[in-house]
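Let me begin by presenting the structure, written as structure tokens, before commenting on it.
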2 protein chains.
Amino acid sequence: MLASIITVGDEILIGQIVDTNSAWLGQKLNELGIKVHQIISISDDEAQILSTLENTLKESDFVFITGGLGPTKDDITKHTLCKFFDTKLVLHEDLLVKLKAYFEKRGRVINEANIGQAYLPENCTIIPNARGTAQAMWFEKDNKVVLSMPGVPHEMKNIMESEAIPLIKSKFELPEIIHKNIMTIGMGESIIAEKIVDIESNLPKNIKLAYLPNLGKVRLRLSAYTTKVEKINTINLVNNFSEQIVNRITENVYGFDEQKIEEVIGQLLLKNNETITTAESCTGGTIASILSSIPGCSAYYLGSYITYSYEMKMQELAVKQETLNKYGAVSEQCVEEMLDGLISRTKSTYGIAVSGIAGPSGGTEEKPVGTVYISVGDKNNKITKRYQFTNNREDNIIYSSNFALFMLYTFLKR
Amino acid sequence: MLASIITVGDEILIGQIVDTNSAWLGQKLNELGIKVHQIISISDDEAQILSTLENTLKESDFVFITGGLGPTKDDITKHTLCKFFDTKLVLHEDLLVKLKAYFEKRGRVINEANIGQAYLPENCTIIPNARGTAQAMWFEKDNKVVLSMPGVPHEMKNIMESEAIPLIKSKFELPEIIHKNIMTIGMGESIIAEKIVDIESNLPKNIKLAYLPNLGKVRLRLSAYTTKVEKINTINLVNNFSEQIVNRITENVYGFDEQKIEEVIGQLLLKNNETITTAESCTGGTIASILSSIPGCSAYYLGSYITYSYEMKMQELAVKQETLNKYGAVSEQCVEEMLDGLISRTKSTYGIAVSGIAGPSGGTEEKPVGTVYISVGDKNNKITKRYQFTNNREDNIIYSSNFALFMLYTFLKR
């Protein structure tokens with residue numbers, strides 16, 4: 001089963017909005033075992049809509065269209081669909097009643113443009129939109145389906161989940177597809193590839209492995225197409241390969257599927273009733289903001305010091321003036337004193353201390369831009385490392401944050 | 001001039017990542033006066049890449065490809081481009097030297113997969129990638145351009161900005177298009193639209209106004225198509241309309257074009273030799289990370305306290321136990337005490353203090369999720385406000401941060 005997604009709207013082509021609908025649809029369809037063959041974003045233009053529809057229908061069993069519906073005059077998808085399916089708009093009296101009630105409830109009088117939304121193609125099935133005034137339209141032709149939905153994300157999602165997906169499931173026999181994501185941190189994609197080259201080359205033809213890198217993290221995705229009969233075997237096979245990979249790079253694997261490292265760290269801390277604080281210099285609060293992005297983090301995350309200045313490092317974290325003079329703020333000695341000061345002051349179980357040169361300026365021959373020291377530990381033990389990241393300030397901040405979380409995770413698992 | 005964008009990668013089709021590259025490219029190309037005709041996301045599949053390339057080249061002067069480059073074996077764009085342009089991969093010795101140095105600098109030995117990245121198509125122009133190991137490739141055929149770039153967003157953006165856009169400008173005669181962005185903060189797009197409705201309706205046909213909202217900020221973009229002869233007149237006209245808009249909503253305008261509010265704040269502080277610190281609770285370091293994202297911020301940004309727990313609020317910022325008991329941590333009284341404590345402790349000229357309920361839990365009838373108190377000021381004066389943002393944790397954190405910066409900016413301009 002193949003699907004194409006068409007998103008209609010100039011606002012996507014000029015980059016005014018990011019198309020998040022397609023990713024969401026891709027995920028949902030993929031889970032259903034419908035393979036998205038292509039995603040195409042086009043203009044609010046009749047000729048382009050017609051030709052794209054024609055081309056995609058040649059290659060797909062399903063075509064999902066989002067956008068281009070609504071009361072404003074530049075929305076032309078509905079008219080174009082009538083042309084394509086050789087039909088005409090007719091008034092749906094029951095819908096008009098509903099639309100009038102919708103506006104009444106909001107204290108507004110229905111206008112002509114909104115009345116127009118009760119006119120829908122004669123030969124389609126109307127899929128109700130519980131969240132808005134533009135209904136979805138389900139067309140069938142030669143055992144293929146074209147589903148046109150509004151582009152407003154929460155309206156589209158609601159239509160899919162409450163109406164369209166159940167309808168698809170009831171009408172079509174769908175294939176089985178299995179995904180497993182291995183989440184890694186602290187190792188580059190090419191090193192991972194080298195380490196698991198033999199495992200990868202043993203993968204059967206129906207299982208694919210993809211590397212999805214992101215500044216210090218790599219997601220390894222195993223995907224397998226299977227059948228109802230073979231499903232359990234395939235799951236076992238995928239799990240078996242997943243295990244082989246995890247065993248090979250075990251220190252860098254922190255979880256599976258949608259897990260985040262900050263979530264896994266949070267769960268470990270919660271389980272043991274332990275707490276964490278951070279002392280950040282070059283990362284400037286990014287580690288704190290990552291840790292605190294997790295709902296409920298207040299149970300283990302006490303807070304942080306962002307000590308950008310020498311004075312704050314000394315005053316808040318008891319870094320010695322002598323240390324700063326002798327070794328500088330970007331040094332093993334400084335981050336270790338920051339860590340000690342942090343833990344002794346906050347009484348948190350664990351701490352992270354980071355100091356580095358994010359750039360673009362501030363680098364020296366001995367410590368170029370991208371030099372970062374990270375120390376993690378508790379009141380008795382610590383691990384301190386020097387890293388050399390990139391020339392780019394933003395990247396250095398993210399790399400430093402990810403490696404700090406990796407070091408903490410490693411420390412927690414000792 | 002028409003362009004197509006092709007993004008290659010199963011991870012987009014299955015919705016594992018949202019394609020943000022295309023929106024960014026769409027924006028940049030639009031500014032250059034190149035119209036994006038379509039955006040197509042396809043699989044890492046040779047046949048599909050070939051047919052998509054062929055089809056898009058029929059309709060476009062430029063084809064931008066992102067993704068499908070990298071050292072792992074599932075990256076096949078490079079090989080497919082060789083096939084399409086009837087050429088072969090050759091070793092680029094100079095590139096290999098650079099790649100070796102890249103890995104050496106990171107304390108790693110180059111492996112075979114990375115050596116493979118020095119093999120590139122014979123008949124293309126190599127566009128260097130300063131941020132990664134996969135180079136971009138520029139092909140020309142029948143006066144049309146195909147540019148293949150890695151899919152990692154910051155690598156792709158850097159290649160476009162530092163190499164590809166200058167090359168496009170030098171090689172092609174692009175239409176004259178003038179853009180002016182008015183950067184606003186702290187006012188919703190529909191309120192702005194209402195306030196400037198008369199100005200907008202007076203815009204001549206060749207000048208368009210777009211609203212680009214983003215969680216508390218709205219970018220107003222004026223775009224005008226013009227000719228070489230008319231250019232100066234058009235610039236004057238755009239500036240005139242820009243001035244009218246700025247005069248109407250002057251308190252919410254913080255800058256123009258690519259300026260960031262944190263940059264403008266930094267410049268104001270630098271000019272007066274003043275300093276800033278922050279005390280954050282629900283924003284968990286996000287304001288600090290925004291302030292510290294600006295190179296050179298150490299001249300005015302001393303640091304921050306992220307006081308998530310009651311204890312840290314009391315210990316670090318001298319918030320009174322009584323205040324917390326009586327009014328709670330999310331209260332006018334608490335943020336004002338946080339601000340006072342912050343400034344008296346750090347001796348910074350200005351401070352920002354934030355406390356709120358980011359959600360999803362923790363809301364009450366009186367203070368539902370999204371309730372946020374922000375106080376900004378100096379040692380003598382402060383402004384404190386209560387906001388009611390959304391039900392979404394991430395959005396609340398960003399809204400709070402943006403409104404805190406807006407309040408600080410307003411305070412600085414008094």
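Quick notes on this one:
- Here the Karplus curve 6.51 cos²θ - 1.76 cosθ + 1.60, taken at θ = phi - 60°, turns the phi angles of region A:175-183 into couplings of x, 9, 9, 10, 10, 9, 10, 9, 9 Hz, with x standing for Gly and Pro.
- Sorting the segments B:296-308, B:124-136 by their residues' average number of neighbouring beta-carbon atoms within 10 angstrom, most packed first, yields B:296-308, B:124-136.
- Listed residues A:Lys180, A:Lys83, A:Lys35, most fluctuating in chain A (Gaussian network, C-alpha, under 10 Å): A:Lys83
- Tilt relative to chain A, helix A:332-346 - C-alpha long axis, 0 to 90 degrees, to 10: 80 degrees
- Across the copies of the chain, A:Lys320 has label points (7 Å from Cα along Cα→Cβ) spaced 4.1 nm apart, shortest distance listed first.
- Chain A: C-alpha gyration tensor shape, a/c 1.5 cut-off, then a/b vs b/c: prolate
- Peptide B:289-298 has a mean of 6 when you count, residue by residue, the C-beta atoms of other protein chains within 10 Å of its C-beta.
- B:Ser292 sits among other residues whose Cβ lies under 14 Å from its own Cβ, and their net charge, with Lys and Arg +1 and Asp and Glu -1, is -3.
- Amide H contacts for A:Tyr300 (H built 1.01 Å from N in the peptide plane; partners 5 or more residues away or on another chain; cut-off under 5 Å): none found.
- Cα gyration tensor shape for region A:1-49, rounded if a/c is under 1.5, else prolate or oblate: oblate
- Listed residue pairs exceeding 18 Å between alpha carbons, taken from B:Lys83/B:Lys157; B:Lys347/B:Lys382; A:Lys58/B:Lys78: B:Lys83/B:Lys157; A:Lys58/B:Lys78
- Sequence-separation-based contact order of region B:2-171, relative, with Cα cut under 8 Å and 6+ spacing, percent: 22 percent
- Against the main long axis of the alpha-carbon atoms of chain A, helix A:93-105 sits at an angle near 40°.
- Most mobile of B:Asn158, B:Asn252, B:Asn402 in a GNM of chain B (Cα contacts under 10 Å): B:Asn158
- When the helices of the protein assembly as shown are scored as -39500 (n - 2.57) per DSSP H run of n ≥ 4 and the total is divided over every residue, the value at 222 nm lands at -11500 deg cm²/dmol.
- Mean Cβ count within 10 Å, highest first, over the residues of peptides B:368-380, A:89-101: B:368-380, A:89-101
- Mean partner shielding of peptide A:16-22, defined as the number of other chain Cβ atoms within 10 Å of each residue Cβ, is 6.
- Cα shape, region B:176-256, gyration tensor, a/c 1.5 rule: prolate
- Residue among A:Leu270, A:Leu215, A:Leu342 with the largest mean-square fluctuation in a Gaussian network model of chain A, springs linking Cα atoms under 10 Å: A:Leu270
- Relative contact order for chain A: 10 percent, from Cα pairs under 8 Å spaced at least 6 residues apart, divided by residue count.
- Cα centre as origin, Lys/Arg/Asp/Glu Cβ charges: region A:1-160 dipole, Debye: 520 debye
- Gap separating the Cα centres of region A:133-203 and region A:227-248, nearest whole Å: 20 Å
- Mean Cα-pair separation over length for region B:1-85, i.e. relative contact order, pairs under 8 Å, 6 or more apart, %: 41 percent
- Region A:274-307 versus region B:384-414: alpha-carbon centroid distance in Å: 20 Å
- Helix A:231-248 vs. chain A, principal-axis angle (Cα, 0 to 90°, nearest 10): 20 degrees
- Exceeding the 23 Å Cα-Cα cut-off - candidates A:Lys260/B:Lys98; B:Lys326/B:Lys385; B:Lys271/B:Lys379: A:Lys260/B:Lys98
Every number in this text was worked out from the coordinates using simple rules, so none of it is lab data. It should be emphasised that the depicted structure is a prediction, and the values quoted were computed from it without experimental measurement. Using ideal geometry, Cβ is built from the backbone for each residue, glycine included, and neighbour counts are taken over all protein chains shown.
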